[in-house]
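The values are calculated or read from the model by the stated rules, or taken from the named source; none is laboratory data. Note that the structure is a prediction, hence the values are computed from the model and not measured. Cβ sites come from the backbone with ideal geometry, for glycine too, and all protein chains shown count toward neighbours. Calculation scope for accessible area: heavy atoms of the full protein, side chains included, ligands and nucleic acids excluded. Shrake-Rupley method; radii C 1.70, N 1.55, O 1.52, S 1.80 Å.
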Amino acid sequence: MKGWSFKSYMLLMLGIGVIVGTTITQPINTTAIVTMVAAILGFTCTISITNAKPLNGVLGLVSALIYCYVAYQARNYNDILLQCTYMILLDIPVLVMPKWAKNVESHIKSLTVKNDSAKTFKHWALVALFFAVVLGLLFVWESRFTNSPRPLIDSIAATIGITGALLTTLRYSDTYFFWFTQGIMSIVLWGITAAQGDANSVLFFTYMLYLANDLLAFFDRDIAWFHRNK
């Protein structure tokens, strides 16, 4: 956790306070406790990735497994697939290939290639094709083969997150456009889930914190994803 930007440390302290505070204002049960733990671990790992110093691996793996449990209880089945994708693309590589998390700053690139519109179009066309295929598969699976009450919104949120995870693994800074959008969709998803009585509101507030972390990637000049030449 060394070398984070000052604003990132402040956001972490704020985030832990919000997550714990939200938890204790609601009925305390097993689901509430494990959701709190998952939210804190997941939020910490996300801030670390934003600072190009991945802290995922064991912590991210534990967080994702707990998220799977919470998503299953809430019947947001595509969110389970999203968490499994995070484990495969963002957590397991850190455990089996330690060098994968080294010198992230030096490998960051963009889908938009300066002075090469053809290559830029190819990059974005491939991302759009990947997004469309994943969204179609997830929606068909959840709407036809599960009892999820929110198949469309769950499928959209999961597809955005899966696309963002792939771009993060490939070190494209454009991943934060997807993380930001996914944060908005997850706020909607878990807000509706909480309103329908299938979950508490901890994840609703946690994804608001994720949005704040995404804004750091865009605007904090001490973070490399969009400020490599500062």
Accessible-area ranking of V202, V37, largest first, probe 1.4 Å
V37, V202
Which FRET efficiency value, to the nearest 0.05, is calculated for Y9 and S143 with the Förster distance at 35 angstrom and r the Cβ-Cβ distance?
0.25
Return one whole number: the accessible area per residue of the chain in Å², for a 1.4 Å probe.
48 Å²
Taking protein heavy atoms only, a 1.4 Å probe, and rounding to whole percent, the accessible area of the chain owed to carbon and sulfur comes out at 70 percent
Expected vector for the stretch 136-151, Karplus 3J(HN,Hα) from phi with 6.51, -1.76, 1.60 and θ = phi - 60°, integer Hz, x for Gly and Pro, equals x, 5, 5, 5, 4, 4, 6, 6, 9, 10, 9, 9, 5, x, 9, x
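Classify the stretch 1-82 as rounded, prolate or oblate from the Cα gyration tensor: take a ≥ b ≥ c as the square roots of its eigenvalues, call it rounded if a/c is under 1.5, otherwise prolate when a/b beats b/c and oblate if not.
Note, shape of the stretch 1-82 comes out oblate.
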Under 17 Å between C-alpha atoms, the lysine pairs in the chain lying 8 or more places apart or on different chains count 11
Can you give the net charge of the other residues whose Cβ lies under 12 Å from the Cβ of I153, counting K and R as +1 and D and E as -1?
-2
Considering only protein heavy atoms, what is the solvent-accessible area of F130 at a probe of 1.4 Å, reported in Å² to the nearest 10?
70 Å²
Two-decimal Rg to Rh for the chain - Kirkwood Rh, Cα set:
0.96
Along the dipole axis of the chain (charges at Cβ: +1 for Lys and Arg, -1 for Asp and Glu; origin at the Cα centre), the most positive-end residue among T168, M13, M36 is T168
Magnitude of the charge dipole, the chain, Cβ model with Lys/Arg +1 and Asp/Glu -1, debye to 20
680 debye
Grab the beta carbon distance between S117 and A212, set R0 = 30 Å, and tell me the FRET efficiency rounded to 0.05.
0.35
Ranked order, Y72, Y86 - accessible area, probe 1.4 Å, largest first:
Y72, Y86
Would you mind checking which residues have amide H under 5 Å from K109's amide H? H placed 1.01 Å from N; only 5 or more apart, or other chain.
Y172, S173
On a full-extension model of 0.36 nm per residue, what is the gain between C84 and I33, subtracting their alpha-carbon distance, rounded to one decimal in nm?
16.3 nm
Which whole-number percent is the relative contact order of the chain (Cα, under 8 Å, 6+ apart)?
25 percent
Do me a favour and compute the ellipsoid semi-axes for the stretch 163-230 from its Cα gyration tensor, root of five times each eigenvalue, largest one first, whole Å.
28, 13, 7
Based on the Cβ-Cβ distance from L170 to K2, what FRET efficiency comes out when R0 is 30 Å, to the nearest 0.05?
0.75
